[in-house]
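Structure first, then comments.
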Amino acid sequence: MRAWISGVSSEGARTARKARWLKPLVFLLCLLPFALLVADLLSDRLGANPVEKISHRTGDWTLRLLLLTLSITPLRHISGWTPLLRIRRMLGLYTFFYATLHFLTYLVFDQFFDWQEIWKDIIKRPYITLGFASFVLLIPLAATSTDGMIRRLGRHWRRLHQMVYIIATLGVFHYLWLVKKDLREPLVYAFILLALLGWRAWKQRSR
Amino acid sequence: MIIRSQPRHAVKASEITPPRYYFNRRRFITSAAALLAAPALGWPVESRPARPLGPYTRSRYIIDEPLTDYEDITHYNNFYEFSTDKEDVAELAKDFRTDPWTVIIDGEVEKPGRYHLEDILRPHPLEERIYRLRCVEAWSMVIPWVGFPLADLIKRFQPTSRAKFVEFTTLYDPAQMPGQRRRILDWPYVEGLRMDEAMHPLTLLAVGLYGKVLPNQNGAPLRLVVPWKYGFKNIKSIVRIRFVEHQPVSTWMKAGPREYGFYANVNPHVDHPRWSQARERRIGEFFKRKTLMFNGYGEEVAQLYAGMDLRRFF
């Protein structure tokens, strides 16, 4: 358990020399969907309903990055390549970045700061309830992602960040419940999440 | 850039556009792009040359709202027979064969038969109507349809006194319609109207839009347009019109009886179980606008539903 936490700091420092290119590369790759979105917006390539497209793309990338974040630990176990751990925090923060854009799209373009309507939506519409809950739960995780916070929170940090499993589950159901009829895409996310959670459960048992 | 010829009836935007339309997408984009002096980032979009339509007149059913762009009307289509992705339909439907086309008219009717589309259309003068279209997904458009009143066709084929409803069926042809190869919905698509709704002067059979032959992705060669109902009632590529005594079960009713009813009247006060219907996004605009009761056609159609509980009969 210690190693799991320290993977971010001390172990990270040791392997820093090994794969220096990894972090900048992942940083740029994660920024790419956003850059493409802006380019498409400015050149009118977002189709007939650009707001819907912005909402869908930022939502897609939130889920993708969230699942990618969750796959770092299994990937490291399988590959034995420790530098992977150094990008986990960044992936988590990018998840929060896209989640924020997704939420802002809803806040500004769907509701235009109509808090009363937003509140009604949160209470009445299960998919909004879940989406909103998972966004709110991401905030403390993003806020406690610094080295200082990890040190200060000690063992509580891990407990807090285990919330990511709940967040991911809420996020996947948020998607499943909003689709009108064609469930293929949300089911792909659900399947991947199930595999990631399953791997952890299996690890836990076989320990 | 897409070169789009002005429809001949187009009114200059400066003459009619109220300020609230100024902040629309294309203007926003143009100014944003100019600001960044973005070079020609967009690649040309190839549109198939639309076929011209025969002569038609302009009807009195015109709403005074800016038309949705032709490009948007023809590239944002809910037509699950081709794809559940609205932006894939145009491409997937481009080789769809609509000629020859036959329509079966049967059920409680004096002149049943299997008719060539030309024979169905021949006696009916075409007219243009500008209607709002409100999708159940909370987006909307303003579309200049060309067609003729369904009532005229119904009178011609003479339903019997037992005909209380009209049931429409879309073509079932998985070889041409890739979406039908998966059972997303219970194919073929079926829709229905009560006889008085079908006979209502607003109810249209469309064969064209923007003065051109109806593009495949918009339901060629023959589709229904009922402007006060949600878009899914506007069944596309019709191959059968049947007169029946009992209320038909539509495809969406089968798919989600709690979510989609037979009437499907646009109603901002009755939400879809999963999302609000109070507002809608007009395609071409950024912010949502209020949805109107019966999509703004209440004056014409409200009496059809007098005394009915619209929460129950949604």
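Within a straight-line Cα-Cα reach of under 16 Å, B:LYS288 can be paired with the following lysines, leaving aside sequence neighbours fewer than 8 residues apart in one chain: A:LYS53. What is the helix-to-structure angle for A:88-105, meaning the angle in degrees between its Cα long axis and the longest Cα principal axis of chain A, kept from 0 to 90 and rounded to the nearest 10? That works out to roughly 10 degrees. Note on chain A: helix-only mean residue ellipticity at 222 nm, from DSSP H runs of 4+ residues weighted -39500 (n - 2.57) and normalised by residue number, equals -25000 deg cm²/dmol. For segment B:172-314, carbon and sulfur atoms together expose 54% of the accessible surface, with a 1.4 angstrom probe and every protein chain in place. Among the chymotrypsin sites (Phe, Trp or Tyr not before Pro) found in segment A:56-152, those both in a DSSP coil and sparsely packed, with 14 or fewer other Cβ atoms within 10 Å of their Cβ, are A:TRP81, A:PHE112, A:PHE113. Do the alpha carbons of any pairs in A:LYS124/B:LYS94; A:LYS181/B:LYS229; B:LYS86/B:LYS254; B:LYS86/B:LYS155 sit beyond 29 Å of each other, and which pairs? In this structure, A:LYS124/B:LYS94; B:LYS86/B:LYS155 lie more than 29 Å apart at Cα.
Remark: accessible area buried at the B-A interface is about 2900 Å², both chains counted, probe radius 1.4 Å.
Considering only DSSP beta bridges with both partners in the protein assembly as shown, what is the antiparallel share in %, to the nearest 5? Expressed as a percentage, antiparallel bridges in the protein assembly as shown total about 80.
Within segment A:2-206, the proportion of Cα pairs with more than 24 Å between them is 46 percent. When a/c is below 1.5 the answer is rounded, else prolate if a/b is larger than b/c, else oblate, so apply that to the protein assembly as shown with a ≥ b ≥ c taken from the square roots of the Cα gyration tensor eigenvalues. Prolate. Sparse packing (at most 14 other Cβ atoms within 10 Å of the Cβ) combined with a DSSP loop state is found for none of the chymotrypsin sites (Phe, Trp or Tyr not before Pro) in segment B:173-233.
Quick one: helix A:50-79 against the long Cα principal axis of chain A, what's the angle to the nearest 10°, folded into 0 to 90? With both axes taken from Cα atoms, the answer is about 20 degrees. Amide H contacts for B:ASP85 (H built 1.01 Å from N in the peptide plane; partners 5 or more residues away or on another chain; cut-off under 5 Å): none found. Size check on segment A:95-144: the Cα extents along the three principal axes, sorted descending, read 31, 20, 14 Å. Which aspartates and glutamates, on any chain, are close to B:LYS236 with Cα under 14 Å apart, when same-chain ones fewer than 8 places away are left out? Reachable aspartates and glutamates: B:GLU81, B:GLU167, B:ASP173, B:GLU191. The angle separating the long axis of helix A:115-124 from the principal Cα axis of greatest extent in chain A is about 70 degrees.
Qualifying trypsin sites (Lys or Arg not before Pro) in segment B:152-258, where qualification requires a DSSP coil assignment and no more than 14 other C-beta atoms within 10 Å, comprise B:ARG162, B:ARG182, B:ARG183, B:ARG258.
The values are calculated or read from the model by the stated rules, or taken from the named source; none is laboratory data. This one's a predicted model, so the numbers in the text were calculated from it and none came from an experiment. Every residue, glycine as well, gets a Cβ built from its backbone with ideal geometry; the counts of neighbours run over all protein chains shown. With ligands, DNA and RNA removed, areas are computed over all heavy atoms of the protein, side chains included. Shrake-Rupley method; radii C 1.70, N 1.55, O 1.52, S 1.80 Å.
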